[in-house]
1. Give me, ordered by chain and number, the residues 5 or more places off Val342 or on other chains with an amide H under 5 Å from its own placed amide H.
2. For the pairs Lys31/Lys169; Lys103/Lys354; Lys38/Lys184; Lys12/Lys169; Lys113/Lys296, note any where the Cα-Cα span goes beyond 25 Å.
3. Can you check what the net charge comes to around Thr294, using other residues whose Cβ is under 15 Å from the Cβ of Thr294 (Lys, Arg +1; Asp, Glu -1)?
4. Sort out for me the Cα centre separation of region 310-357 from region 60-107, rounded to whole Å.
5. In whole Hz, what ³J(HN,Hα) sequence does region 144-160 give by Karplus (6.51, -1.76, 1.60; θ = phi - 60°), x for Gly and Pro?
6. Could you tally the net charge around Pro196, taking each other residue with its Cβ under 11 Å from the Cβ of Pro196, Lys/Arg +1 and Asp/Glu -1?
7. Each residue of region 189-203 in order: what ³J(HN,Hα) in whole Hz does its phi give by Karplus 6.51 cos²θ - 1.76 cosθ + 1.60, θ = phi - 60°, with x for Gly and Pro?
8. Over the chain, what is the mean sequence separation of C-alpha contacts under 8 Å (at least six apart), divided by residue count, expressed as relative contact order in percent?
Amino acid sequence: MSRLPVFDFDDKLLHQGAEISRKLNQLRLEKFPPNAKKTLRPFPMSEVAHYLGVSPNNLKRLHLEGKGPEPQIVSGGRRLYTADQMLELRQYLDKNGRADAKKYVPHRKPGEKLQVIAVVNFKGGSGKTTTAAHLAQHLTLTGHRVLAVDLDPQASLSALYGFQPELDKNPSLYDAIRYDDGRKAIRDVILPTNFPGLDVIPANLELQEYEYDTPLAMQNSPEGKRFFTRFGTALQDVDSDYDVVVVDCPPQLGYLTLTALIASTAVLITVHPQMLDLMSMSQFLLMLGNIAQTIKNAGAEVRMDWLRYLITRYEPSDVPQVEMLGLMQSILAAEMLKTQMVKSTAISDAGLTKQTLYEVERSHFTRGTYDRAIECMDAVNFEIQGLIHQAWGRL
Ligand SMILES: Nc1ncnc2c1ncn2[C@@H]1O[C@H](COP(=O)(O)OP(=O)(O)O)[C@@H](O)[C@H]1O
Ligand SMILES: [Mg+2]
């Protein structure tokens with residue numbers, strides 16, 4: 001028998017790490033060149049009607065009467081509207097509708113407070129980023145003014161939104177919550193996205209500094225002791241610019257996540273229905289519960305409008321998953337979203353080109369696959385929107 005060859009452990013890891021990174025980079029450059037700037041497809045009338053909440057016939061009539069924005073007409077007489085025109089349509093309908101009619105511009109009114117939704121779970125791969133990215137876009141398509149905040153130093157949401165943390169020198173929330181003189185106004189770290197009405201605070205590795213700075217600041221300053229107020233305080237400067245803030249949290253229960261949670265008015269916990277994921281989630285809940293108690297004793301006000309669990313990457317044909325879903329429902333019934341997000345290749349495939357379901361062209365997919373995925377995603381997001389409106393006392 002021949003002996004196993006001797007090798008240098010550290011050399012091998014360094015070499016293999018570098019090689020994988022080089023190949024991935026190459027692949028990424030091919031799929032999404034550095035100078036690529038995201039644009040947004042136009043939306044067919046049926047989708048516009050769906051997100052506005054009007055009948056397609058009403059829209060068609062408006063157009064035939066020459067009212068409202070002028071859609072682009074393509075083969076087969078199909079009418080296409082840009083996302084900007086969708087917003088114009090909302091304004092047009094509100095201006096020309098009866099005073100008591102349904103409002104198409106859903107911006108919050110006096111007394112309705114900014115909704116800050118934290119998407120959390122300390123398990124990576126539980127679908128936080130996918131959920132946050134689609135929720136923020138969906139809220140925008142339904143007329144809300146939205147700020148998405150990427151709090152994960154790994155910057156997956158930023159990447160999905162077309163920012164390339166390795167190439168772009170993005171700002172991050174760190175710039176607005178740091179303890180030293182380098183601090184900037186939150187307005188200076190907000191960037192526009194390809195969706196009108198949706199802005200983003202991207203992420204970068206520097207966010208991680210907050211995890212190191214905070215324990216030091218806690219020893220040295222009153223500000224540090226009240227670290228959990230930093231995001232909420234920064235948000236006050238832009239409070240009137242948005243209706244909803246969606247925060248994609250990092251997969252850990254550190255100071256960033258805690259700071260986000262204390263600034264939040266609602267929490268969405270994403271969970272893949274498998275034994276190990278559920279075990280990890282129960283640990284997460286216990287830890288979070290304990291920490292929240294400690295922070296409350298330190299003077300933080302924790303007042304959530306709602307807490308919901310969202311099942312992600314669900315496969316209804318997988319018996320153990322169905323069982324885990326049943327287990328969750330028996331314990332958490334009232335706090336589970338009614339819709340489960342199913343597993344779909346449309347989501348992972350769209351992700352390969354840094355796109356969401358709302359951005360990809362339907363024609364690039366097998367119809368059934370795309371339609372099932374978007375139907376499910378819309379159902380999840382409309383359900384969450386209902387909770388937001390309920391928190392505003394509208395329903
Ligand atoms: N419903 C889904 N169907 C198929 N793939 C999904 C779905 N949701 C998420 N994914 C994929 O699973 C991976 C992890 O999801 P992600 O949202 O990044 O999780 P997290 O942010 O919790 O780490 C990603 O590659 C994503 O494209
Ligand atoms: Mg993530």
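Every number in this text was worked out from the coordinates using simple rules, so none of it is lab data. Computed from a predicted structure; not experimentally measured. Please note: Cβ atoms are built from the backbone with ideal geometry, for glycine as well, and neighbour counts cover all protein chains shown.
1. For Val342, the qualifying residues are Tyr314.
2. Over 25 Å Cα-Cα: Lys103/Lys354; Lys38/Lys184; Lys12/Lys169.
3. Spelling it out: positives minus negatives among the neighbours equals +2.
4. 34 Å
5. 7, 9, 10, 10, 9, 10, 8, 9, 8, x, 6, 6, 5, 5, 4, 5, 5
6. -2
7. Each residue of region 189-203 in turn: 10, 9, 10, x, 10, 6, 9, x, x, 10, 10, 9, 9, x, 10 Hz.
8. This gives 17 percent for the chain.
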